Every structure is written in structure tokens, then in C-alpha cells.
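The values are calculated or read from the model by the stated rules, or taken from the named source; none is laboratory data. No experiment lies behind these values; they were computed from the predicted model shown. Because the Cβ atoms are built from the backbone with ideal geometry, glycine has one as well, and the counts that use them run over all protein chains shown. Accessible surface areas use protein heavy atoms only, side chains included; no ligands, DNA or RNA. Shrake-Rupley method; radii C 1.70, N 1.55, O 1.52, S 1.80 Å.
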Amino acid sequence: MTYDPFQPSRWHLAHGRGLELGPRGVLMAIINVTPDSFSDGGRFADPDAAVRAALRALEAGAEILDIGGESTRPDAKPVSADEEQARILPVIAAIARQSQVVISVDTYRAETARLAVDAGAHIVNDVYGLQREPAIATVAAETGAGLCIMHTGRDREKLSDVIEDQFHFLERSLQIAADAGVAREGIVLDPGFGFAKDTNENLELMARFRALHEFRRPLLVGTSRKRFVGAVTGREAGGRDVGTAATTALLRTAGAAIFRVHDVAINRDALAVADAMLAAKNS
């Protein structure tokens with residue numbers, strides 16, 4: 001049977017939660033509790049500021065809040081596990097007390113992931129695709145957390161074809177997840193726009209995005225304010241939200257399910273137009 005990314009499927013999450021994906025796009029708001037993230041570093045480094053930003057994103061239309069304590073921009077300074085946890089755990093716990101929103105933790109560390117789920121997170125979002133700390137898959141399996149597995153080209157030799165490299169990397173990640181006992185219903189894949197990919201590679205990945213439906217899993221995309229959007233539009237990071245919204249609409253029509261963004265409101269409108277067009281097409 002051909003996989004249809006617009007048909008409803010339930011993403012199984014921690015704490016007995018779930019999220020329907022497929023018929024409409026879902027927004028994941030980026031909440032960086034960091035001093036050095038490429039676009040908004042320092043804005044939400046204070047826990048109270050981060051919580052306020054998270055609640056504003058929820059009001060603007062986000063259904064998932066993605067909380068991160070270490071910048072993933074190129075050449076970012078690594079932080080210790082203790083520092084990462086000190087930044088994000090109070091924020092996750094505070095959001096969980098004040099809202100029923102779905103919370104994601106952006107980490108590649110198994111220890112941080114487990115503590116974050118204990119604090120109230122429902123999803124583990126690993127930008128190293130389980131291949132830096134494979135034990136993070138065990139955390140997802142044991143806690144029932146939803147697992148977002150991202151493709152990256154960092155710290156390895158990539159294949160020349162962007163889609164072949166997606167399958168080369170993500171099939172290994174999926175095997176790690178399977179070996180740890182993670183249910184496929186708990187997995188979402190992310191092709192990793194901007195992670196060791198130049199402008200042409202990112203644009204080709206967008207153009208050939210539908211090939212990734214061969215994985216038969218919902219797809220999350222994170223193009224927000226990325227360098228390739230700036231290369232196309234000529235704008236610096238803070239001025240790339242309109243370009244980001246264009247990628248959101250295009251990738252939604254190609255079957256992406258979840259959109260990780262900085263500016264929730266503009267991408268909400270882009271998704272509304274894309275979803276309305278898809279509904280008209282299928283009526």
C-alpha cells in the first residue's frame with residue numbers, strides 16, 4: 001500500500017499522551033534556553049523569560065514546545081550535561097505545571113532526556129539521530145516518549161546524493177531504535193535541514209522531499225531562519241521569517257507533518273493556506 005502522509009496517524013508520547021498527525025500541519029515552537037543560539041541566543045536564557053516565551057508561543061498556535069539548553073549552530077561552544085540540565089529542567093517543569101501543551105526536549109544526551117521526561121517532557125528530539133548516545137533510544141523505549149530522529153551530516157563522510165545519504169544515515173538510526181525496543185508509532189523523522197548541508201543541498205532536499213515518505217513515518221522539518229533561507233532571500237537571521245513561511249507552505253504540500261519554527265504566527269498562517277489548498281484538492 002502506498003504511504004499517504006496526509007492520512008491520520010497517532011504519534012505515541014510519554015505520560016499517556018498522543019498527537020494526531022497527517023490531516024493538518026502541526027507547529028513546534030523553538031524555545032532556546034541558551035546564550036548563544038544563532039537567531040535568538042540570550043533572549044530566553046532566564047528561566048522565567050523562557051516560560052513566558054513558551055506560553056506566548058502556545059497562544060500563537062504552537063502545539064509542541066521544543067526546549068533546548070545547548071546551541072546546535074555550527075561551532076557552538078559545548079556545554080556540560082549539568083549546565084544543560086540546569087538550564088532546561090526548571091523550564092520544562094514550570095511549563096508542565098502551567099499548561100497541558102506537549103513538551104519536547106532538544107538533547108542528544110540520554111541522562112538529560114530521562115530527567116526531562118521525569119520533569120514533564122513528552123518527546124525527545126535528538127539532533128544526532130541516536131548515533132552520538134544510542135542509550136537515548138533506551139530512554140524513549142522505557143519512558144514511552146515520542147522520539148524525533150534527525151539526520152545530520154556532521155562529523156562523518158556524507159554520500160554525494162542527498163536522498164541516498166538520508167537513507168544511509170536514518171536506516172542506521174531506525175535500527176538503533178528498534179534494537180532498543182522503541183515502537184515505530186513513537187518515531188518521527190527529521191531530514192535535518194542546515195546540518196552540514198550547503199544551500200544547494202538544502203534546496204535539493206526540499207525539491208525531492210517526497211522521496212522520504214518511503215520511510216513510512218511522519219516527517220518533521222526545521223528550516224526556520226536557516227542560513228540557506230538567508231542565501232536565497234539575502235536576509236540576516238532575524239529577517240528570515242517570511243522566507244521560512246514559504247518553506248513551510250511548500251514542505252506541507254510535499255507531506256511534512258510538523259514544523260519547528262521561531263515565529264509561530266507567520267507559520268501558522270502559511271500552514272492555514274497550505275492546508276486549505278490540500279483540503280480543496282482532496283474534496
Residue list for the range 178-193, restricted to those being more than 17 Å from the chain's Cα centre (by Cα) and not in a helix (DSSP H, G or I): Gly181, Val182, Ala183
Consider Ala237 carefully, then state whether it is free of Cβ contacts under 8 Å to residues at least 40 places away in the same chain and surrounded by fewer than 22 Cβ atoms within 10 Å (Cβ to Cβ). no
Confirm whether Arg114 is part of a loop (DSSP other than H, G, I, E, B), modelled with pLDDT of 95 or more and farther than 19 Å from Leu219 by Cα. no
Across the range 11-24, which residue is farthest from Arg268 (Cα to Cα) among those that are open to solvent by 10 Å² or more (accessible area, probe 1.4 Å) and in contact with a helix residue (DSSP H, G or I) (Cβ under 7 Å, 6 or more places away or on another chain)? His12
Kindly indicate which of Thr223, Thr199 is among the β-branched types (Val, Ile, Thr), open to solvent by 10 Å² or more (accessible area, probe 1.4 Å) and modelled with pLDDT of 95 or more. Thr199
Conditions (1) surrounded by fewer than 16 Cβ atoms within 10 Å (Cβ to Cβ); (2) in contact with a Pro (Cβ under 7 Å, 6 or more places away or on another chain); (3) modelled with pLDDT of 80 or more -> Pro47 fails only (1)
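One line per residue, one yes/no per condition, for (1) surrounded by fewer than 14 Cβ atoms within 10 Å (Cβ to Cβ); (2) in contact with a Ser or Thr (Cβ under 7 Å, 6 or more places away or on another chain); (3) within 26 Å of Ala96 (Cβ to Cβ); (4) not aliphatic (A, V, I, L, M):
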residue: Asp118; (1), (2), (3), (4): yes, no, yes, yes
residue: Leu147; (1), (2), (3), (4): no, no, yes, no
residue: Met150; (1), (2), (3), (4): no, no, yes, no
residue: Ile163; (1), (2), (3), (4): no, no, no, no
residue: Phe169; (1), (2), (3), (4): no, no, no, yes
residue: Asp179; (1), (2), (3), (4): yes, no, no, yes
Quick check on this structure: which one of Gly234, Gly230, Gly238 is within 21 Å of Arg154 (Cα to Cα) and over 17 Å from the mean Cα position of the chain (by Cα)? Gly230
Going through the range 118-138 one residue at a time, which ones are closer than 25 Å to Arg73 by Cα and among the β-branched types (Val, Ile, Thr)? Ile123, Val124, Val127, Ile136
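To keep it simple, each residue is scored yes or no on (1) of a type in the set (Phe, Trp, Tyr); (2) open to solvent by less than 60 Å² (accessible area, probe 1.4 Å); (3) closer than 20 Å to Leu189 by Cα; (4) touching a Cys at 6+ places or on another chain (Cβ under 7 Å).
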| position | (1), (2), (3), (4) |
| --- | --- |
| Phe228 | yes, yes, no, no |
| Val232 | no, no, no, no |
| Ala246 | no, yes, no, no |
| Phe259 | yes, yes, yes, no |
| His262 | no, yes, yes, no |
| Leu278 | no, yes, no, no |
| Lys281 | no, no, no, no |
Would you call Pro78 closer than 16 Å to Gly222 by Cα and surrounded by fewer than 16 Cβ atoms within 10 Å (Cβ to Cβ)? no
Selection from the range 120-136 of residues under 15 Å from the mean Cα position of the chain (by Cα), open to solvent by 10 Å² or more (accessible area, probe 1.4 Å) and either of a type in the set (A, V, I, L, M, F, W, C) or at pLDDT below 95 (or both) yields Val127
Under 7 Å between Cβ atoms, which residue pairs at least 6 apart in sequence (or on different chains) link something in the range 249-272 that is on the phi > 0 side of the Ramachandran plot with a partner that is in a helix (DSSP H, G or I) and open to solvent by 30 Å² or more (accessible area, probe 1.4 Å)? Gly255/Arg210
I'd like to check something: does the range 153-161 contain any residue that is buried (at least 20 other Cβ atoms within 10 Å of the Cβ) and not aromatic (Phe, Trp, Tyr)? no
Arg97: passes all of (1) open to solvent by 10 Å² or more (accessible area, probe 1.4 Å); (2) closer than 24 Å to Lys197 by Cα; (3) not in a loop (DSSP other than H, G, I, E, B) but (2)
Meets criteria (farther than 18 Å from Arg17 by Cα, open to solvent by less than 10 Å² (accessible area, probe 1.4 Å) and in a helix (DSSP H, G or I)) for Gln175: no
